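The block underneath contains the structure these notes are about, expressed in structure tokens.
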Amino acid sequence: MTTVLITGGAGLVGSECCRLFSDRGWKVISIDNYMRGKLFGEEGSTKAIIEELLKNYNIEHHEMDFRGEGMLPLIKKADAIIHTAAQPSHPKSIELPLEDFQINAQGTLSLLERVRKHNKDAVFVFCSTNKVYGEMPNYFKYKKVGKRFEPIDPALREGFDENLRIDRNMHTPFGVSKAAADLYVQEYARLYGLKTGSFRMGCITGGAARAVEMHNWEPYFVKKALTGEELTVFGYGGYQVRDVIHAKDLAMLFLEFIKNPKPGEVYNIGGSRKNSISILEALDLIEKITGKKMNYKLGPEREADHIWWISNISKARKHFPRWDIRIGLEDIFEEIHRVLLSKGR
């Protein structure tokens, strides 16, 4: 039986990987230390996710830090490793830059080194982020079109590809630590021959996403609609654009990469033009789905926050022609709404 080891298996992306690979008949080993609950409080806890997984799927789960010694025997028997564990919040990284580095950069390097020494044949999938590009997207010019910004340069219509510069701009410590890890993942393919791939992701969500302000904005916005509490929209008048991808679609791409690895490659991954939405458009969509009027105010811009981000996913589509975005925006927000209602939130 083929074995996959998933770090951060109780999280949004990790849990969807656990479901997908288990359904495909793989032996799934999951590890998680539930740090999100410590970072974001009870609302951010992922323990309920893993409890649901263990009830419904045949998964071997370990409560541990991916940097711990207990990882070694798990690494040795894995055919593939999906590294989703991270400090995931760029606002939190500003508060805790040293911890952010130790988890995202140093921790990933330590994991790569163990794979190099003990299981070089394992395919290694790394969850990077579009924050490796820092505020570089903000160096381009945009105009207001309806309730969103759009780039003035028509060449950017389908979004930013992997050629966008990553240096000489502000990132927040989160962007820096993930960029360092991203480069190490590439280096371990080129220098040591590991089968690694970096996926520079943004706005991953779904029903399993935790509704916390500093991470997973989509369920947090829906939660605010349901409670009627005031929401703060940070910067740009709400015209900023994001492209939203369901974690299930991301897990499907990881499966395609593992089946046909492209060592050392990097991929910009998000919802693409198809699933792009501005914050103002998102508020309208949430009002439509929930039947509730959004109560919001405008706040200051956040450090290195993108004015406009759409991922150009043409490289991933070319390399993995059986993969594409399957789940649309409205379906994503409707799922989040159903899940929050089921929890009484």
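A few notes on this one:
- Considered as a group, the residues in the range 30-49 that are crowded, with 24+ Cβ neighbours inside 10 Å and closer than 21 Å to Val123 by Cβ include one that is modelled with the lowest pLDDT, and that residue is Asp32.
- Ala105 small (Gly, Ala, Ser), in contact (Cβ under 8 Å) with a residue 24 or more places away in the chain and within 26 Å of Leu255 (Cβ to Cβ): no
- Residues within the range 287-314 that are touching a residue at least 12 places away in the same chain (Cβ under 8 Å), out of contact with any Phe, Trp or Tyr (no Cβ under 6 Å at 6 or more places or on another chain) and in a helix (DSSP H, G or I), tallied: 3
- For Leu20, the conditions (1) touching a Ser or Thr at 6+ places or on another chain (Cβ under 9 Å); (2) of a type outside the set (Ser, Thr, Tyr); (3) modelled with pLDDT of 95 or more; (4) surrounded by fewer than 24 Cβ atoms within 10 Å (Cβ to Cβ) all hold with the exception of (1).
Conditions (1) among the hydrophobic types (A, V, I, L, M, F, W, C); (2) under 17 Å from Leu250 (Cβ atoms); (3) modelled with pLDDT of 95 or more; (4) touching a strand residue (DSSP E or B) at 6+ places or on another chain (Cβ under 8 Å), marked per residue:
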{"site": "Ser276", "(1), (2), (3), (4)": "no, yes, yes, yes"}
{"site": "Ile289", "(1), (2), (3), (4)": "yes, no, yes, no"}
{"site": "Glu303", "(1), (2), (3), (4)": "no, no, no, no"}
{"site": "Asp324", "(1), (2), (3), (4)": "no, yes, yes, no"}
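- Exactly one residue among Asn104, Asn119 is at pLDDT 95 or above, under 21 Å from Gly202 (Cβ atoms) and either crowded, with 22+ Cβ neighbours inside 10 Å or touching a Lys or Arg at 6+ places or on another chain (Cβ under 6 Å) (or both), and that residue is Asn104.
- Of the numbered criteria (1) over 19 Å from Ala247 (Cβ atoms); (2) of a type in the set (Asp, Glu); (3) buried (at least 24 other Cβ atoms within 10 Å of the Cβ), the one Glu69 fails is (3).
- From Leu164, Leu109, residue being surrounded by fewer than 22 Cβ atoms within 10 Å (Cβ to Cβ), of a type in the set (A, V, I, L, M, F, W, C), part of a loop (DSSP other than H, G, I, E, B) and within 22 Å of the chain's Cα centre (by Cα): Leu164
- On inspection, Ile336 passes the criterion of being assigned to a helix (DSSP H, G or I) and surrounded by 17 or more Cβ atoms within 10 Å (Cβ to Cβ).
The values are calculated or read from the model by the stated rules, or taken from the named source; none is laboratory data. It should be emphasised that the depicted structure is a prediction, and the values quoted were computed from it without experimental measurement. In this analysis, Cβ positions are derived from the backbone assuming ideal geometry, glycine residues included, and neighbour counts consider all displayed protein chains.
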